[in-house]
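To start, the structure under review is shown below, and the notes come after it.
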Amino acid sequence: MSTTTDAKRKAPAGERVADWADGRLGIYSLAKANMRKIFPDHWSFMLGEICLYSFIIIILTGVYLTLFFHPSMNEVHYHGSYVPMQGIRMTEAYASTLDISFDVRGGLLIRQIHHWAALIFIAGMFVHMMRVFFTGAFRKPREINWLFGFLLFALGMFTGFTGYSLPDDLLSGTGVRFTQGAILSVPIVGTYISMFLFGGEFPGHDIIARFYSIHILLLPGIMLGLVVAHLILVFYHKHTQFPGPGRTNKNVVGMPLLPVYMAKAGGFFFLVFGVIAVIAALFTINPIWALGPYRPDQVSTGAQPDWYMGFAEGLVRVMPGWEINLWGHTLVLGVFIPLVVFGLVLAAIAVYPFIESWITGDKREHHILDRPRNAPTRTALGVAWVTSYMVMLIGGGNDIFATHLHMSINSITWFVRIFYFVGPVIAFIVTKRICMGLQRRDRDKVLHGRESGIIKRLPHGEFVEIHEPLSQSQRYSLTAHEQYEPAEVGPAVDENGVERKLTRGEKLRAKLSKGYFGEGNQVPKATAEEYREISSGHGGHH
Amino acid sequence: MKKLSARRRHPLAAVVVLLLALAATGGLYAAFAPASKAQADETAQSLAIEEGKKLYSVGCASCHGTGGQGTTDGPSLVGVGSAAVDFQVATGRMPAQQPGAQVPKKPVIYDQAQIDQLAAYVASLGPGPVTPTEKQYNPEGADIARGGDLWRTNCAQCHNFTGEGGALTKGKYAPSLEDSTPKQIYEAMQTGPQNMPSFPDTTMPEKEKKDIIAYVKSVNGDETPTPGGFALGGLGPVSEGLFGWIFGLGALIAVAIWVAAHTAKAKKS
Amino acid sequence: MSSNEISDKNLPHEQGSAHGTAVAENPFADPGLPPHKPRIQDVDEQAAKRSERTVALLFTVSMLATIGFIASFVIFPVDEIVYVWPIGHVSATNLSLGLTLGVALFCIGAGAVHWARTLMSDEEFADDRHAIEAAPEVKAKVMTDFADGARESAIGRRPLIRNTMLGALAMVPLSGVVLLRELGPLPEKKLFHTSWKKGLQLINMNTNEPLRPEDVVVGSLTFAKPEGLEEDDEDFNNKIAKDALMIVRIQPQDIKDRRELEWSHEGIVAFSKICTHVGCPISLYEQQTHHVLCPCHQSTFDLSDGARVIFGPAGHPLPQLRIGVNGEGNLEALGDFAEPVGPAFWERG
């Protein structure tokens, strides 16, 4: 630290710029905390990055598309270069989307990148959310970030919906019509919401312009804010990690942001963009020219929303047509119930962290991830949720499945109706059993070592397989998970001998806790005593 | 099972009979050839009916009845017209193999001359839509865009935006029109085969049928451009969603695994 | 409910974390981070050189691809279609621009990652975590600060200010809500009526000519709109969304519903084309079964039985339009629909 010579030497340009910025932004303190911040390496931790990068790609391509798209429902006669639409009456929105596809060089590519990235964005969020769920990464202190992520997923669905509706083609227009019908089913205010949203009767002349501002401004604005908050919290909490030697709840093991993580994460952005660009070069998505402009009296079979709205579509398709007419009013349960269930299915996954922390009563921070098998009830619940979601996706595509699997659409609908209730139960039971089996296997491995596949013949003729003992770090990794004791309701009388009133909540919690952690719901992990007894007592007999 | 295989034998038997019939037709034609034209036409017509009747009694009568009056296994053919026969037989739907929700398309077992004879016979049972001539169905010069509009009003609800087909109730379906010829599409609109409604000339004139054929052939033909790349079946969001999940997200996860994987360590030296 | 906390004894014990000597005592203790092992590139300069060249090659390919992108942009006309096996007839610009852009981007990413994986240090470090929760003294300081601030503002002592302020803040967003009223008109009775009225002729959607009963044969399917509604009309979409008709002819003896037969003209029945579920144009008519299926959600109606719902999520039959024949022998409406067409809603009753 020879300050005198340093002061005389003229600092390099980069340093001078940094100094300038530091004097105004305080970047050195920021960099001190973050430049060598440690990030653990695991492919499943990059699922969130796929979402982040596809979101950035969507914004970049979306901005380009706004330069050419006309969000207007003024009717024009098409005279562009796509022959099968010559002279057809359509809205400017549809005509300008045809222009982007056929008359703007690279326009079709950007449109396809935008749409493919959107499908991948939401699929990525789904998988990322499942990763967080099944590893218990949503536990304290990350519940709020779970909610941010959940909101991003939900808003992503609606941003996608308003986006694919913009071209005003026959397919998406049918989707908008469905939305309007669903809004009408809302008791009391349904007709008012519909009239206000559409500026009058369906379809009116306003909905595209309104969806446009929702799609490019309102929702992405909120999402951008949430993404930033989500990332700040990831930095602030520091990333979770899987159990392993040297990895504790008090540290985070990995490689520093500069240079490794920066190169990998930055590189991954280009990889994601590159893969999506190649997909857009080779695979058509939403060929609106083949669909035709929207007209409320025209329709095509195979009318589906994009995949992320598929489970809502399934709910609507398989619901029986219940309608109650009473006192001069109509309760359209056939449409309204699916609408409510749609919200409940999403809400269920949103509130789960709070339910679990209430059941465990655990107020500690958790930075070490659970292996899914070590939380059998949670894992089973998650798989049950995914099962019900997937069953509804089948329901949403029942006509396509019918034609391509040569089945009756009515049978598929009935299958979905029954399996929406039965499927999750089966999935729950099966998953839980598998988890318990895996736990048992882990326990055996810890106590008896790994099966080596080497068969040895003992002097008295018996054949045994040699089990190789695990290394210290393997033993640690397999026993590092925590196991809760089921909560007791506590004594019926307090310390003064007065009868204590048990609230219903307490009883429920005790019951749930038993379901999660009680006997038969988790396999007690090997203890040091058991290990010592086996390894000394039997002398490597196994 | 036995009954079924017995039925299956019909078409095979028919082929043998047909070959004989064909030879006979040729011989008879040679015998009558020098006669005057009008007379020849009339005679050819009655001959065709005669031959068609023979084919009919072998291949069709078991279900549709010996006089085309229909049985419990098949509808009456009186008044269906030659167009219906030409469509059903030339797409291989008839003779049907087995009962089911819908009689599917199959390899054709009659040649065009035999189909014409069958059609002539069935047409003789009662007046009905006549097999269209090429002038009627040839879509050359038709208005493709107008056809598209008509297609979306009248056809797309069952056959999809570009004629890829779609589901109907209880296992029935609207077939894909990818391999259908203009003539078959015309006949289908004219006659309404199986559960498809008909679009008679009174409500959909010949010109509009041509426009529709021109449209469907322009958006679902061998030369149809798919500017964006693979069309993924032209089925819309379901196939796009499956592709996005399996190949899109799948490829990205594969890349992520590579990015996060540990690099090979040097051997301990 | 949650005031009664679960005692800490339910919570599991933390796994013993011990280093060195403790390991022998506890077979499951954490042995700590394993020592760093060098990669091939760390010990073999040749291998490192190879990695360097690979990274440089990837970056070079990216540059070439970008040049390719610009070249494709200049060379290919926007409407050029080329045949590429096995894809088919594709847009030359879409394919060439997409592939070059994809390669240019992918190679940058692949180069950066390969660099990071093989040449940057892969030694793992452990960063300490600090509790998110503040220390008690910090919390105590914040609480006093807050109490001081609150006291100095006198908000507690002067409830009039507090209450009026809360009132004002609660009311001001109402202005925004009120403004939303301008988004559209009130529903009134708009959903109850269509353009159909007595004497309007049924116009064939295909030919734009009035339909005559003899045009409509058994087994055929026709769509109609009301006389006077033209495709170029400003409000065509709004009108046709409610007016569209589906016309079929059923042998009168096959019609099971008495009212349906009465409202038909010699078996010609006119039903609303708009599904009563959520409003898709329903028209997948099976002429042998007389069932009509909605392509959106598979509601199935029996047109030979008053368009009764026989499957799917629709809640009530398709409305039927009463028709007859006018003096010119054309089909005409004998009034509006007797009930609202399209999806059900609260006021429908």
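To keep it simple, each residue is scored yes or no on (1) in contact (Cβ under 8 Å) with a residue 40 or more places away in the chain; (2) surrounded by 14 or more Cβ atoms within 10 Å (Cβ to Cβ).
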site: A:ARG16; (1), (2): no, no
site: A:ALA21; (1), (2): no, no
site: A:ARG24; (1), (2): no, no
site: A:ILE27; (1), (2): no, yes
site: A:ILE38; (1), (2): yes, yes
site: A:LEU47; (1), (2): yes, yes
site: A:ILE88; (1), (2): yes, yes
site: A:THR91; (1), (2): yes, yes
site: A:SER96; (1), (2): no, yes
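Would you call C:SER283 polar (S, T, N, Q) and either modelled with pLDDT of 95 or more or not assigned by TED's automatic domain parsing to the domain that holds C:GLN201 (or both)?
So C:SER283 does not fit the description; no.
Determine which single condition A:THR135 fails, assuming it passes every other condition in (1) in contact with a His (Cβ under 9 Å, 6 or more places away or on another chain); (2) more than 11 Å from chain B (Cβ to nearest Cβ).
Evaluating A:THR135 over (1) in contact with a His (Cβ under 9 Å, 6 or more places away or on another chain); (2) more than 11 Å from chain B (Cβ to nearest Cβ) leaves (1) as the failure.
This table checks each residue for (1) of a type in the set (S, T, N, Q); (2) assigned by TED's automatic domain parsing to the domain that holds A:MET223; (3) more than 22 Å from B:ALA261 (Cα to Cα).
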site	(1), (2), (3)
A:SER29	yes, no, yes
A:THR61	yes, yes, yes
A:LEU65	no, yes, yes
A:HIS79	no, yes, yes
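Within the set of pairs 6 or more residues apart or between chains, which connect a residue that is on the phi < 0 side of the Ramachandran plot and in a helix (DSSP H, G or I) inside region C:221-241 to a residue that is surrounded by 14 or more Cβ atoms within 10 Å (Cβ to Cβ) and hydroxyl-bearing (Ser, Thr, Tyr) with Cβ atoms less than 6 Å apart?
Sorted first by the residue in region C:221-241, then by its partner, the pairs are C:LYS239/C:SER195.
Among the listed residues B:GLY148, B:GLY234, identify the single one that is farther than 24 Å from B:ALA90 by Cβ, within 13 Å of chain A (Cβ to nearest Cβ) and modelled with pLDDT under 90.
Unique residue meeting the criteria: B:GLY234.
Among the listed residues C:VAL216, C:VAL269, C:VAL248, identify the single one that is buried (at least 18 other Cβ atoms within 10 Å of the Cβ), among the hydrophobic types (A, V, I, L, M, F, W, C) and under 18 Å from C:HIS316 (Cα atoms).
Of the residues listed, the single one that is buried (at least 18 other Cβ atoms within 10 Å of the Cβ), among the hydrophobic types (A, V, I, L, M, F, W, C) and under 18 Å from C:HIS316 (Cα atoms) is C:VAL269.
Quick check on A:ILE426: is it without any contact (Cβ under 8 Å) to a residue 40 or more places away in the chain and touching an Asp or Glu at 6+ places or on another chain (Cβ under 7 Å)?
When the stated conditions are applied, A:ILE426 does not pass them.
So in region C:84-98, with the set limited to residues that are of a type outside the set (Ser, Thr, Tyr) and touching a residue at least 12 places away in the same chain (Cβ under 8 Å), which one is nearest to C:LEU57 (Cα to Cα)?
C:LEU97
Run A:THR387 past the list (1) away from every other protein chain (no Cβ under 11 Å); (2) crowded, with 18+ Cβ neighbours inside 10 Å; (3) without any contact (Cβ under 8 Å) to a residue 24 or more places away in the chain and report the number of the one that doesn't hold.
The failed condition is (3).
Just need a number here: residues in region A:485-507 that are surrounded by 13 or more Cβ atoms within 10 Å (Cβ to Cβ) and assigned to a loop (DSSP other than H, G, I, E, B).
The total comes to 9.
So which of C:VAL61, C:VAL90 ends up being surrounded by 15 or more Cβ atoms within 10 Å (Cβ to Cβ), assigned by TED's automatic domain parsing to the domain that holds C:PHE125, among the aliphatic types (A, V, I, L, M) and out of contact with any Pro (no Cβ under 8 Å at 6 or more places or on another chain)?
C:VAL61 is the lone residue from the list that is surrounded by 15 or more Cβ atoms within 10 Å (Cβ to Cβ), assigned by TED's automatic domain parsing to the domain that holds C:PHE125, among the aliphatic types (A, V, I, L, M) and out of contact with any Pro (no Cβ under 8 Å at 6 or more places or on another chain).
B:ASP211 is checked against (1) within 24 Å of C:TYR83 (Cβ to Cβ); (2) under 27 Å from the mean Cα position of the chain (by Cα); (3) among the acidic types (Asp, Glu) and fails just one. What number does that condition carry?
The single condition B:ASP211 does not satisfy is (1).
Kindly indicate which of B:THR203, B:THR191 is among the polar types (S, T, N, Q) and either facing chain A (nearest Cβ under 9 Å) or without any contact (Cβ under 8 Å) to a residue 40 or more places away in the chain (or both).
B:THR203
Given the condition within 14 Å of another protein chain (Cβ to nearest Cβ), farther than 21 Å from A:PRO256 by Cβ and not in a loop (DSSP other than H, G, I, E, B), answer yes or no: does some residue in region A:24-44 qualify?
Checked against the condition, which is being within 14 Å of another protein chain (Cβ to nearest Cβ), farther than 21 Å from A:PRO256 by Cβ and not in a loop (DSSP other than H, G, I, E, B), region A:24-44 yields no hits at all.
So, in region B:145-160, exactly how many residues are buried (at least 24 other Cβ atoms within 10 Å of the Cβ) and either out of contact with any Lys or Arg (no Cβ under 8 Å at 6 or more places or on another chain) or among the hydroxyl-bearing types (Ser, Thr, Tyr) (or both)?
So the answer is 10.
Any residue in region B:82-95 that's in contact (Cβ under 8 Å) with a residue 40 or more places away in the chain: show its pairings with residues that are among the charged types (D, E, K, R) and buried (at least 23 other Cβ atoms within 10 Å of the Cβ) at Cβ separation under 8 Å, as long as the two are six or more apart or on different chains.
Note: pairs meeting the criteria are B:ALA83/B:GLU187; B:ALA84/B:GLU187; B:ASP86/B:GLU187; B:PHE87/B:GLU187.
Could you check A:PHE401 against (1) within 14 Å of chain C (Cβ to nearest Cβ); (2) crowded, with 18+ Cβ neighbours inside 10 Å; (3) part of a helix (DSSP H, G or I); (4) touching a residue at least 40 places away in the same chain (Cβ under 8 Å) and say which number it fails?
Tallying (1) within 14 Å of chain C (Cβ to nearest Cβ); (2) crowded, with 18+ Cβ neighbours inside 10 Å; (3) part of a helix (DSSP H, G or I); (4) touching a residue at least 40 places away in the same chain (Cβ under 8 Å), A:PHE401 fails exactly one: (4).
Identify the residue in region A:303-362 that is within 23 Å of A:ASN398 (Cα to Cα) and of a type in the set (Gly, Ala, Ser) and, among all such residues, is surrounded by the fewest Cβ atoms within 10 Å (Cβ to Cβ).
A:GLY343
Condition first: under 30 Å from A:PRO296 (Cβ atoms) and surrounded by 18 or more Cβ atoms within 10 Å (Cβ to Cβ). Now tell me which residues in region A:215-237 satisfy that.
A:HIS215, A:ILE216, A:LEU219, A:PRO220
Would you mind finding the one in B:TYR137, B:TYR186 that is surrounded by 19 or more Cβ atoms within 10 Å (Cβ to Cβ), more than 14 Å from chain A (Cβ to nearest Cβ) and more than 26 Å from B:CYS60 (Cα to Cα)?
B:TYR137
Restricting to region C:254-295, name every residue that is within 14 Å of chain A (Cβ to nearest Cβ), of a type in the set (D, E, K, R) and farther than 18 Å from C:GLU339 by Cβ.
Answer for region C:254-295, where residues must be within 14 Å of chain A (Cβ to nearest Cβ), of a type in the set (D, E, K, R) and farther than 18 Å from C:GLU339 by Cβ: just C:GLU286.
Of everything in region A:66-84, what is out of contact with any Phe, Trp or Tyr (no Cβ under 9 Å at 6 or more places or on another chain) and more than 30 Å from B:TRP151 (Cα to Cα)? Give them in sequence order.
Across region A:66-84, the qualifying residue is only A:LEU67.
Scan region C:89-104 residue by residue and report those that are farther than 18 Å from A:PHE273 by Cβ and more than 7 Å from chain A (Cβ to nearest Cβ).
Result: C:HIS89, C:VAL90, C:ALA92.
Scan region C:303-319 and give yes if some residue there is part of a strand (DSSP E or B) and touching a Leu at 6+ places or on another chain (Cβ under 7 Å), otherwise no.
No, every residue in region C:303-319 fails to be part of a strand (DSSP E or B) and touching a Leu at 6+ places or on another chain (Cβ under 7 Å).
Quick check, is C:LEU58 assigned to a helix (DSSP H, G or I) and touching a His at 6+ places or on another chain (Cβ under 9 Å)?
Yes: the conditions hold for C:LEU58.
Taking the criterion of being modelled with pLDDT of 95 or more, within 8 Å of another protein chain (Cβ to nearest Cβ) and crowded, with 20+ Cβ neighbours inside 10 Å, would at least one residue in region A:50-61 satisfy it?
Yes, because at least one residue in region A:50-61 is modelled with pLDDT of 95 or more, within 8 Å of another protein chain (Cβ to nearest Cβ) and crowded, with 20+ Cβ neighbours inside 10 Å.
The values are calculated or read from the model by the stated rules, or taken from the named source; none is laboratory data. Owing to the predicted nature of the structure, the values given are computational and were not obtained by experimental measurement. Every residue, glycine as well, gets a Cβ built from its backbone with ideal geometry; the counts of neighbours run over all protein chains shown.
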